[in-house]
Each structure stands twice: as C-alpha cells, then as structure tokens.
1. Hey, does the range 33-43 have a residue that's among the hydroxyl-bearing types (Ser, Thr, Tyr), closer than 23 Å to residue 200 by Cα and in a loop (DSSP other than H, G, I, E, B)?
2. Kindly check whether there is at least one residue in the range 151-160 that is in a strand (DSSP E or B), within 28 Å of residue 19 (Cα to Cα), open to solvent by 20 Å² or more (accessible area, probe 1.4 Å) and free of Cβ contacts under 8 Å to residues at least 40 places away in the same chain.
3. Looking at 137, 159 in this structure, which one is within 26 Å of residue 38 (Cβ to Cβ) and of a type outside the set (Gly, Ala, Ser)?
4. Quick one: in the range 10-57, of everything that is more than 20 Å from residue 128 (Cβ to Cβ) and acidic (Asp, Glu), which residue is least open to solvent (accessible area, probe 1.4 Å)?
5. Being assigned to a helix (DSSP H, G or I), more than 12 Å from residue 210 (Cβ to Cβ) and of a type in the set (Ser, Thr, Tyr) is the filter here, so list the residues in the range 1-32 that pass it.
6. Quick one: residue 225 ticks every box in (1) open to solvent by less than 80 Å² (accessible area, probe 1.4 Å); (2) free of Cβ contacts under 8 Å to residues at least 40 places away in the same chain; (3) among the hydrophobic types (A, V, I, L, M, F, W, C) bar one, so which box is it?
7. Pull up the range 205-221, narrow it to residues that are over 21 Å from residue 139 (Cβ atoms) and hydroxyl-bearing (Ser, Thr, Tyr), then point me to the one that is least open to solvent (accessible area, probe 1.4 Å).
8. Quick check on residue 117: is it closer than 19 Å to residue 35 by Cα and among the aliphatic types (A, V, I, L, M)?
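The values are calculated or read from the model by the stated rules, or taken from the named source; none is laboratory data. Predicted model only: the values in this text are computed from it and were never measured. In this analysis, Cβ positions are derived from the backbone assuming ideal geometry, glycine residues included, and neighbour counts consider all displayed protein chains. Ligands, DNA and RNA are stripped out before the accessible areas are found, and what is left, the full protein with its side chains, is counted by its heavy atoms. Shrake-Rupley method; radii C 1.70, N 1.55, O 1.52, S 1.80 Å.
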Amino acid sequence: TTWLHNELAHNFNVPSKHLSVIPYGMDIDSFLKRYRQPNEFENMKNDKRWLLLCPARLVPVKGHKTLLHALHALKNERTDFICWLAGDGDLKERLVAMTEELGLQEHVKFLGVRDDIPSLMRIANIMILPSLQDNLPFSIMESQIVGLPVIASTAGGIPEMIIDGETGLLFEKENSMALKEQIVRLMGDNQLYLHLKDIEKRVGRKKWSSKALAVNTIKEYIKVLKEHQTYSSPDKKNGL
C-alpha cells in the first residue's frame, strides 16, 4: 500500500526510489472452492436477522472493543442482528466479559479459530473490520471478490481498498458511533447494499487476482531492468 510505502520512507528512512507499491493478489479459483463448501450454519441463510461477520484475531490492534460498543449502540435502535467473531487470541476473556457487560449475549457469538472463513462469508450479510492498524487485509480482498459488503475502519492502507459508498463503507478508526451509523446506513439502504454486493463484477475479481499481481510485479522488474541495463559491449579483458 501507499500507506506502507510512506511509513518505510518517512519513519524508517528507506529511500523512496527503492520502493514501489504492488497490491496483493490471490488464487481466486481456489478461494471460491472453499467459499462454496457447506458448513454447520447453512440454516442461518433463512434467518431474518442481519448476520455480521468479523474475521480477525482477538487482539487489541483488531479493534473488537470498538465493534462491541457500536453493536451496543445499534441494539438501542434495532435488534435484528447477530455478529460472529471468528478468531481467537489473548483478548478473548476480556471481550467475552465485555459482551456480557453490554448485554450483547444474544447478539454476539464467539466462533473461535475457524478454517472455513470463506464459507462463513457465503452465509454472512456484512463483513466488518474495525482494525486500529492494518495494511492490506486479505479479509477485505476476499469479501470484495465474492460480493460481501464491507464496513471497515480508516486504519493503515484500508482506505486504498475502499471508496466509501462505492466499494464498501469506511468509518474513522476507534469511533464506535461512526461504525454504528455505517451499519445502520447499510441496513436501511437496499439500493446501496445491492450496489456493494455487485463489487465482485465491477472490481473484486479483476483487482485482486493473482494475474494482476503477476502483471504488476513483472512491470516493476522490467522498469528496474530498463533503468539499470547497460548496452555497452562486453569487457573481454575482465571476462565480463
């Protein structure tokens, strides 16, 4: 990301001329096979509640506390939602206690470590990533590839992945009320929701493909070769 580029240049004194930005790519076909796999939550597809998914390690930098406070505020306006926290980490006990303190036991479910996140995305209605710091999260890439609307924070390189209202929704990191408002916005605007679901055709499967990654990488190699290649005759004396 450009964000990481600037971090390296400004905070670690890496010369900008030695840095280029090449976004990640992924094996989309392999991911889609996992996406189509059944799981034990298939019956949730008929549930009338909104299913929110947060696939992230339970550590402070992922911003789960912001999410829980946002859900607490959301519950004061509507109760037709459930949020899956898929992941584990040192913060789990505190987050479980916080869930109880906020009265969210019926709305927040801790799924633990999962190896079927792609198929959970197929069941979910919205993916939420409340990170306090991040670079270029694969969970956003994956969601955009399959047309799962994303609400994410403005941390790190995330704003380079999302144009608010066009390829997802953004909220200021650590701002739980801003997150709540974006959730309400998406739940209440069917046209916006369908537009964000359509991202897989408009952006996702082109931007995040392994082919795009390969093309961008090869372009950088060609660029560097052209900049440094010499066209003088071989130095026979030195055996070069």
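1. No: the range 33-43 contains no residue that is among the hydroxyl-bearing types (Ser, Thr, Tyr), closer than 23 Å to residue 200 by Cα and in a loop (DSSP other than H, G, I, E, B).
2. Step one: filter the range 151-160 for residues in a strand (DSSP E or B), giving 151-153.
From what is left, the residues that are within 28 Å of residue 19 (Cα to Cα) are 152-153.
Among the residues that remain, those that are also open to solvent by 20 Å² or more (accessible area, probe 1.4 Å) are: none.
For the range 151-160, residues in a strand (DSSP E or B), within 28 Å of residue 19 (Cα to Cα), open to solvent by 20 Å² or more (accessible area, probe 1.4 Å) and free of Cβ contacts under 8 Å to residues at least 40 places away in the same chain: absent.
3. Working: 159 fails: within 26 Å of residue 38 (Cβ to Cβ).
Only one candidate passes the filter, namely 137.
4. Start the filter on the range 10-57 by keeping residues that are more than 20 Å from residue 128 (Cβ to Cβ), which leaves 10-30, 32-34, 36-38, 40, 42-43, 46.
Restricting the remaining residues to those that are acidic (Asp, Glu) gives 27, 29, 40, 42.
Details: 27: 91, 29: 107, 40: 114, 42: 50 Å².
Within the range 10-57, the match that is least open to solvent (accessible area, probe 1.4 Å) is 42.
5. Listed by number, the residues that qualify are 2, 16.
6. Condition (1) is where residue 225 drops out.
7. In this case the residue turns out to be 217.
8. yes
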